[in-house]
Amino acid sequence: MTSEDWGDVSRIYSEGIKTGNATFETSRPDWPTWDKNHRSDCRLVAIINRKIVGWAALSDVSERCVYNGVCEVSIYVNDNFTDQGIGHKLMKKLIEKAESSHIWTLQAGIFPENLASIRLHTKNGFRIVGAREKIGKMNNLWRDVVLMERRSKKIGIS
């Protein structure tokens, strides 16, 4: 993913925002803000017929050195391309890139209503480790978040 991809990537992100079940964000950021908050070594786009139909990226969970190998997953697929295995392929490749970047734990905070995302993460080795009840408000309603994580079997095992 590059800055040239941002138009398509941000449109797909906006689709997720509109669902009300993909993120607490209510508007898409500009490229410099998004770029600053996501790792440059773990960004992917899925392309079909020269069109970006999905994307995935990682962001560090903390600036503290002890958490250098822990990242949060963002993964979005264009509404017209769901249920085609694109999310699964993006996730597999993202996991590979994470491990090659010495990341040992991937985590995700998912609204419990987003069953497709929970299934995608579970299918790719994530497990539910808990939930945060009423962690944030959206449209003046408290929302819960399911916490999922995937620990690498290759990185950080000794």
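The values are calculated or read from the model by the stated rules, or taken from the named source; none is laboratory data. It should be emphasised that the depicted structure is a prediction, and the values quoted were computed from it without experimental measurement. Glycine also receives a Cβ, built like all others from the backbone with ideal geometry; neighbour counts cover every protein chain displayed.
Tallying residues that are in a strand (DSSP E or B) and either surrounded by fewer than 18 Cβ atoms within 10 Å (Cβ to Cβ) or at positive phi (or both) within the stretch 90-106 yields 1. Scanning the stretch 107-124 for residues that are under 11 Å from the mean Cα position of the chain (by Cα), part of a helix (DSSP H, G or I) and closer than 8 Å to V146 by Cβ gives no hits. Return yes when T33 is among the hydroxyl-bearing types (S, T, Y) and either buried (at least 17 other Cβ atoms within 10 Å of the Cβ) or not in a helix (DSSP H, G or I) (or both) and no when it is not. Here the answer is no, as T33 does not meet what is asked.
May I ask you to verify whether E63 is acidic (D, E) and in contact with a strand residue (DSSP E or B) (Cβ under 7 Å, 6 or more places away or on another chain)? No.
Looking only at the stretch 44-56, decide whether some residue is within 22 Å of S100 (Cβ to Cβ) and over 13 Å from the mean Cα position of the chain (by Cα). Checked against the condition, which is being within 22 Å of S100 (Cβ to Cβ) and over 13 Å from the mean Cα position of the chain (by Cα), the stretch 44-56 yields at least one hit. Residues in the stretch 134-150: is at least one within 15 Å of the chain's Cα centre (by Cα) and under 21 Å from D41 (Cβ atoms)? Yes, that holds for at least one residue. Screening the candidates K137, K154 for the property of being surrounded by fewer than 14 Cβ atoms within 10 Å (Cβ to Cβ) and assigned to a strand (DSSP E or B) yields one hit, K137.
Regarding the stretch 139-151, can at least one residue be identified that is among the polar types (S, T, N, Q), out of contact with any Phe, Trp or Tyr (no Cβ under 6 Å at 6 or more places or on another chain), closer than 26 Å to R11 by Cβ and touching a residue at least 40 places away in the same chain (Cβ under 8 Å)? Taking every residue of the stretch 139-151 in turn, at least one turns out to be among the polar types (S, T, N, Q), out of contact with any Phe, Trp or Tyr (no Cβ under 6 Å at 6 or more places or on another chain), closer than 26 Å to R11 by Cβ and touching a residue at least 40 places away in the same chain (Cβ under 8 Å). Does any residue of the stretch 33-43 turn out to be within 25 Å of D144 (Cα to Cα) and over 12 Å from the mean Cα position of the chain (by Cα)? Yes - at least one qualifying residue is present in the stretch 33-43. In the stretch 65-89, the residues that are crowded, with 21+ Cβ neighbours inside 10 Å form Cβ pairs under 6 Å with partners that are modelled with pLDDT of 95 or more and among the aromatic types (F, W, Y), at six or more places apart or across chains, as follows: Y76/Y13; Y76/W55.
What about R143, is it in contact with a Gly (Cβ under 9 Å, 6 or more places away or on another chain) and of a type in the set (D, E, K, R)? Answer is yes for this residue.
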